[in-house]
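The values are calculated or read from the model by the stated rules, or taken from the named source; none is laboratory data. These numbers were taken from a predicted model, which means no experiment stands behind them. Cβ: placed from backbone, ideal geometry, glycine included. Neighbour counts: every protein chain shown. For accessibility, only protein heavy atoms count, side chains too; no ligands or nucleic acids. Shrake-Rupley method; radii C 1.70, N 1.55, O 1.52, S 1.80 Å.
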Amino acid sequence: MEQKQHTGMQLGIFTVGDVTPDPTTGRTPTEHERIKATVAIAKKAEEVGLDVFATGEHHNPPFISSAPTTTLAYIAAQTERLILSTATTLITTTDPVLIAENYAKLQHLSDGRVDLTMGRGNTGPVYPWFGKDIRQGINLAIENYALLHRLWREDVVDWEGRFRTPLQGFTSAPRPLDGVPPFVWHGSIRSPEIAEQAAYYGDGFFHNHIFWPASHTQKMVAYYRQRFEHYGHGRADQAIVGLGGQFFMRRNSQDAVREFRPYFDNAPVYGHGPSLEDFTSGTPLTVGSPQEVLERTLSFRDYVGDYQRQLFLIDHAGLPLKTVLEQLDLLGEILPDLRAGFAEGRPAHVPDAPTHASLVAAAGGARDSSVHAVDDVTGRRAEEEVSA
Amino acid sequence: MTRLVVVSGGLSTPSSTRLLADRLTEATVAALARPVEVDVVELRDLAHPLADNLLTGFPSGALAEAVELVRRADALVVVTPVFSASYSGLFKTFFDVLEPGTLAGKPVLVGATAGTARHSLVLEHALRPLFAYLRAVVVPTAVFAASEDFADPALQQRVERAAGELAALLGVASAPAAGRPTSFEEQVASPVAFEDLLRRASTPGT
């Protein structure tokens, strides 16, 4: 089947990679099953016509989302068009040098189908495992990203900071594909500092959206837009905004509610708390017919303005793979209407989300940015190694 | 207009905790001798949203309104029943879900009720440290009422003394301490430029 590259809104899914018991059967999938299911879900996302698959990053059970670039590279090898992304990459506890290397490598392997969303991670005990302190979360995110930003843009970096050992004459290899770093989003539920950071660099801002009321998402996005304009990257309505969302669909509304309720009631994070009805009215969660999900999703624009990327969380709370794949089929069915709805009334000056192709075009074309240097460890050139 | 918000943690109806809260409120309004807008937050009505907030991380509906009332208040009257030698869990939960800094610099009059006077030091051993931690300004007189106190004129004297102290604090217009903004609303209202964030990020001790 011919897959055409869509313009306008990017639509996709994101996963946190939780291994959660199915509350209706009591069965917990094995890590192996969950890892393979993640790949199946991503492939299905491309099959039904979605644009983006993003994986979270966790370094503690019950999650299988460590080593995100391994997962994304494996998916890249089995897909043609899907953009591989993250939700989120832990900029606080991961060495920015490793992020620079891993995602540049993924860019090359996937022919540019990669971008990232930076996040801090909210699990306190994980930080000390990586020699960090969650109380420095904002500072870590700011300093580490400042280094990452340079590593992708400068061939040789001298750097000294507070949180990482200094670098002298360091080159992060491989260099970004076509001389263009991956596009970066910054995700935060409630820290204006992170929206400020996204605005400063002219990067995208992603709001998780799924746990908190719309009124809050609205404030964070408005703040980012205003600061994006302040830093001179364009008008506020040209800032690059992404939102999360979650739904459960069946052809018939009542069936959706009946089937989803036990998953909702026992879900990690909000389970055993508010009722399904209260949560669906207070947050973007939509449980109902495809038409209801379509209408609710198109209403997000009412409070954040025309935006660039919509990702849905659909594989959490112990939902079995078969159900998740059915959700993707239903999402695929309303996809044309979602695209048409988002395109309706969208002003021409509102940009699409940057892609590798658009960033290369903006840079004036692709250039090979390979660094052919003397091996700074052995002092020899690669050619000499071959002839020796 | 002075905004006074009353937080009452009583569970029964009628509630002796609310009764004490009302007496403290009336005395404060009288002592202020100027227009006062009084709002009462009954925590009993917010029990479910409070439990939800613990799990979801955000206040919903009526709780969000109550939190906003407290945030905008010029002064608070807070009264809890004594449960197991301390404030009630419901009372503590309400103050647990407030954003850090919400009470900073706010004058607070604390009160407690119990079935016996043997609990009276709960005000000094539990409530005062709690509100000191939250950086509120607690008036010197805290008012405790055991069941028998409601028939004792001495209770009214303590109520009026505490109310006078609260009014005096409002008279000197105690404003929240200036400094680094802490609440989300304050941060959004006055952005910290990225250059400053970057400098702060790399400065030890920040």
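Within the stretch A:135-172, list the trypsin sites (Lys or Arg not before Pro) lying in a DSSP loop whose Cβ has at most 16 other Cβ atoms in a 10 Å radius.
For trypsin sites (Lys or Arg not before Pro) across the stretch A:135-172 that sit outside H, G, I, E and B with at most 16 neighbouring Cβ atoms in 10 Å, the list reads A:Arg162, A:Arg164.
Distances longer than 37 Å among the Cα atoms of chain A: what percent of all pairs is that? Intermediate results must be reported in sequence, preceding the final value.
On the way: 14763 of 75078 pairs.
The share of Cα pairs beyond 37 Å in chain A comes to 20 percent.
Averaging the sequence gap over all C-alpha pairs within less than 8 Å and six or more residues apart, then dividing by the number of residues, gives chain B a relative contact order of 22 percent. The listed peptides A:250-261, B:24-35, A:190-201, ordered by packing as a protection proxy, come out as A:190-201, B:24-35, A:250-261 (highest mean of other Cβ atoms within 10 Å first).
Just need the relative contact order of chain A here, percent rounded to a whole number, with Cα pairs under 8 Å and 6+ apart. It would help to have the intermediate numbers written out before the result.
Numbers: 700 pairs, mean separation 73.6, N = 388.
Reported as a whole number, the value is 19 percent.
The length gained on full extension between A:Gln226 and A:Thr123, counted as 0.36 nm times the residue separation minus their Cα-Cα distance, comes to 34.1 nm. Taking 16 Å as the cut-off, the amide N atoms of the stretch A:169-194 that come nearer than this to a point 7 Å along the Cα-to-beta-carbon line of A:His372 belong to A:175.
When each full DSSP H helix of chain A is screened for a Cα extent of at least 30 Å along its own axis and an average Kyte-Doolittle hydropathy of at least 0.5, the helices passing are A:321-343. Inter-chain Cβ neighbour count for A:186-193, averaged per residue, equals 3 (cutoff 10 Å, partner chain atoms only).
The orientation-averaged projected area of the convex hull spanned by the Cα atoms of the stretch B:2-175 comes to 9.2 nm². For the segment A:266-273, counting C-beta atoms of other chains within 10 Å of every residue's C-beta and taking the mean gives 3. Inter-chain neighbour count for A:142-148: the average number of beta-carbon atoms from partner chains within 10 Å of each residue's beta-carbon is 3.
Spin-label pair A:Tyr74-A:Arg346: with each label point 7 Å from Cα along the Cα-Cβ axis, the two points sit 3.3 nm from one another.
The mean accessible area for residues of chain B, using a 1.4 Å probe and ignoring ligands and nucleic acids, is 46 Å² per residue.
Fully extending the segment from A:Arg162 to A:Thr24, taken as 0.36 nm per residue of separation minus the present Cα-Cα distance, adds 44.8 nm. Here each label is just a point 7 Å from Cα along the line to Cβ, and for B:Glu26 and A:Lys105 those points are 7.6 nm apart. Highest mobility in the GNM of chain A, judged by mean-square fluctuation with C-alpha springs under 10 Å and restricted to A:Ala54, A:Ala361, A:Ala37, is found for A:Ala361.
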